[in-house]
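Undergrad: Please see the structure below; I have some questions.
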Amino acid sequence: MSMTSEHDPVSKLSLVGVSHHSAPIELRERVALAPAAAAELAQRLGREAVVLSTCNRTEVYLVRDEHAEELAVEALTELAGDRASELVPALYRLRDEAAALHLFRVAAGLDSLVPGEGEILGQVRAAYEAGATGPFLDRLCRQALHVGRRVRIETAIAESPASVPAAGAALAQQVFEELTDKRVLLIGAGKMSELTARNLISRGATIAAVANRTLAHAEELAARLNARPVDLDGIRAELVEADVVVASTSSAGTVVSRADVAATLALRRGRQLLLVDLAVPRDLDPAINGLEGCFLYDVDDLEAVVAETMAGRRTEAARAEKLVAAEAERFREWQASLEVVPTIASLRALVEEIRDSELARAGSRLSERERRQVESVTTQILAKLLHLPTIRMKEAAAAADGVVYADVVRHLFGLEEERRA
Amino acid sequence: MAELLVLPALLAYGEAAVAYLGELRGPGLAGRLATWGVRLGWIAQTALLVGQAVSTDGFPWGTWAGSLNLFVWLVVGAYLIWGCKPRYRLLGLAVMPVAAALLALAWAGGGTSLADGHAAGLALVIHVGLMLAGFAGLTLAAGMAALYLWQERRLKRHERGVLRVRVPPLDALDRLAARSVLASLVLLALGIGAGATSFERGDFDAAMGVTLLILAVYAALLVLRHEGRRGRRAASLNLLGFALVAIVLPLTHFAQ
């Protein structure tokens, strides 16, 4: 299989796109595509195309030919409808090494609003699988996925929580080894309670009960979370069994006092209790933190933790940038080596042809055993002879001298005349 | 030549102890270097112990320094079971500086040389081996208890960087420390049983008394934990027991 595209001796990469850096959400939502529509656009655009569409970006990666970029711009402006004139200046175009570097940064989460967020890697994978890929974009996308995984393994960029609900869930994992058998009590049925509950569920916890002043609201959320609704009077009984308490009511006073929790300690038999108070004014008595085995975090505490971890993410992002740059350089070298691949292929074809014809001429004078031996020996000689020139040409290509070397080799071995003949 | 193996072992343990400090700033290269330091040091020390065993006729770890050498090897070996997991790396911060210091002490005391071994019966060899393994387990349990108290304090104080430094979860530290204590008590009981075969009336001394006291403290820890006194209290009792192991036991042993 040839490493290059059918028409062009060397495949060139183009990127046309819009992201949260260049356009507001009103514009981005115009060009946001559902997975099926993104796949359909990729198939329509040309010989090789991948469309990555998320809430933060819509980007088209394609192998450049005469009209490919213009087709991509047309498709995006068509999607923008009556706001097409606003979209055009917001579109960015990158080529070759810059485009590859951009995709690698995107896959690594370095171009995201929250550095290192994990969702983007799955979105790049989905776009790759739905795209119209050939050898070139296949290599690009596989390397992008490799970069994304490498950054997450070799740096700590994705390990820290980036929001208050996620910080609450991460703290629960700092106290309990596994959350799979842990019971969560939600006090309050608001949005923050639900977000934190979803974070805990994603880490394996079970929402045991939802307590709320208005029982109907508790019932509604409990039904969504597969939990039991209770009114505020039922909290004391639930505290005995709970491992994590998340409070977020709009109550003006304290909902759970120190005495409420202290009364349950004997029955809890030394089990730890993490309490997360997301309400302002606070629902949980701050003195609870002084009880043995109880850890109480309020919004300020959690925001401080998030701020610290975000600072950590930025430090790790600097390390990740170095990894991404090294991978982009590898891709550039591979892309540059494509310039000399046709010449290498022609040279190998020529020497193989000479060998075949000479073997054919000598064939009648050799026994079957001798013929096999000569075949084996000549194959090894040619492989050794061509090995170093092949390596040198690829190295020269990486250093931007590839075309010169390829021309010299073509001239010396008469490869152009060979082709014409 | 084999006795020179103490140098790479000491160097590697020291490197690990320093690298674990780097891991405190955040997970990464320092932690991996520390883990490799532990592994390579333990391999070098294993080779040293094999060299000692091969080159002597009797029991090569009969002296206090020789026992200390074997003890360090057991402690680091036990740590290696968990310590290589990224989440448990920081346990090395509590274990490796102690291991490096004790190995240096054993070296200074001549416990790493290839001198003649002490004549000893099989029962005594088993007794010493089991007792040292038991104390090694208690050392590891103490490391976990110390880490527990440190992490609990950080959580209670709402330290901003509480999620940046990877420490094992409190539950895991509490559970693993209890398991280490239980296993150590079994080893110590077996070791005492092996030693009792050569026990004669009038042999009872202060060191034996302290050993029984240590057994009682740790047994009490397990009973109290079973009754629900976990967490901070169990960790504190664990450290109290270890203070007996690390300070009182050697004092009574060498005072004889």
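Undergrad: Please state which one of A:E70, A:E59, A:E78 is buried (at least 22 other Cβ atoms within 10 Å of the Cβ), among the charged types (D, E, K, R) and at negative phi.
TA: On the way: A:E70 fails: buried (at least 22 other Cβ atoms within 10 Å of the Cβ); A:E78 fails: buried (at least 22 other Cβ atoms within 10 Å of the Cβ).
Exactly one of A:E70, A:E59, A:E78 is buried (at least 22 other Cβ atoms within 10 Å of the Cβ), among the charged types (D, E, K, R) and at negative phi, namely A:E59.
Undergrad: Out of (1) hydrophobic (A, V, I, L, M, F, W, C); (2) more than 11 Å from every other protein chain (Cβ to nearest Cβ); (3) crowded, with 18+ Cβ neighbours inside 10 Å, what's the single condition that is false for A:A349?
TA: Checking A:A349 against (1) hydrophobic (A, V, I, L, M, F, W, C); (2) more than 11 Å from every other protein chain (Cβ to nearest Cβ); (3) crowded, with 18+ Cβ neighbours inside 10 Å, the one that fails is (3).
Undergrad: Further question on the same structure: Of the residues A:L296, A:L366, which is of a type outside the set (K, R) and touching an Asp or Glu at 6+ places or on another chain (Cβ under 7 Å)?
TA: Going through A:L296, A:L366 in turn, the sole match is A:L296.
Undergrad: Which residue pairs have Cβ atoms closer than 6 Å, lie 6 or more positions apart in sequence or on different chains, and pair a first residue in region A:377-392 that is under 14 Å from A:I354 (Cβ atoms) with a second residue that is among the hydrophobic types (A, V, I, L, M, F, W, C) and part of a helix (DSSP H, G or I)?
TA: Matching pairs, first to second residue: A:L382/A:V351.
Undergrad: I want to confirm something. Restricting to region A:261-307 and keeping residues that are of a type in the set (D, E) and surrounded by fewer than 18 Cβ atoms within 10 Å (Cβ to Cβ), which single residue is nearest to the other protein chains (Cβ to nearest Cβ)?
TA: Among them, the one singled out is A:E292.
Undergrad: Considering only residues that are in a loop (DSSP other than H, G, I, E, B), modelled with pLDDT of 85 or more and in contact with an Asp or Glu (Cβ under 7 Å, 6 or more places away or on another chain), look in region A:158-187 and name the one that is farthest from the other protein chains (Cβ to nearest Cβ).
TA: A:K182
Undergrad: Filter region A:327-343 for residues that are β-branched (V, I, T) and either within 14 Å of another protein chain (Cβ to nearest Cβ) or under 35 Å from the mean Cα position of the chain (by Cα) (or both) and give the result.
TA: A:V340, A:V341
Undergrad: Suppose we keep only residues that are surrounded by fewer than 20 Cβ atoms within 10 Å (Cβ to Cβ) and of a type in the set (A, V, I, L, M) within region A:308-326. Which one would you say is nearest to the other protein chains (Cβ to nearest Cβ)?
TA: For region A:308-326, the residue satisfying everything is A:A311.
Undergrad: Which of the residues spanning region B:149-181 are within 11 Å of chain A (Cβ to nearest Cβ) and under 27 Å from B:L74 (Cα atoms)?
TA: B:Q151, B:R166, B:V167, B:P168, B:P169, B:L170, B:D171, B:A172, B:L173, B:D174, B:R175, B:L176 - these are the residues of region B:149-181 that are within 11 Å of chain A (Cβ to nearest Cβ) and under 27 Å from B:L74 (Cα atoms).
Undergrad: Restricting to region A:83-112, what's the tally of residues that are surrounded by fewer than 16 Cβ atoms within 10 Å (Cβ to Cβ) and within 16 Å of A:A49 (Cα to Cα)?
TA: 2
Undergrad: If you don't mind, another one. Among the residues of region A:411-421, is any in a helix (DSSP H, G or I), surrounded by 17 or more Cβ atoms within 10 Å (Cβ to Cβ) and modelled with pLDDT under 85?
TA: yes
The values are calculated or read from the model by the stated rules, or taken from the named source; none is laboratory data. All of these numbers come straight from a predicted model, not from anything done at the bench. No Cβ is skipped: glycine too gets one built from the backbone with ideal geometry, and neighbour counts run over all protein chains shown.
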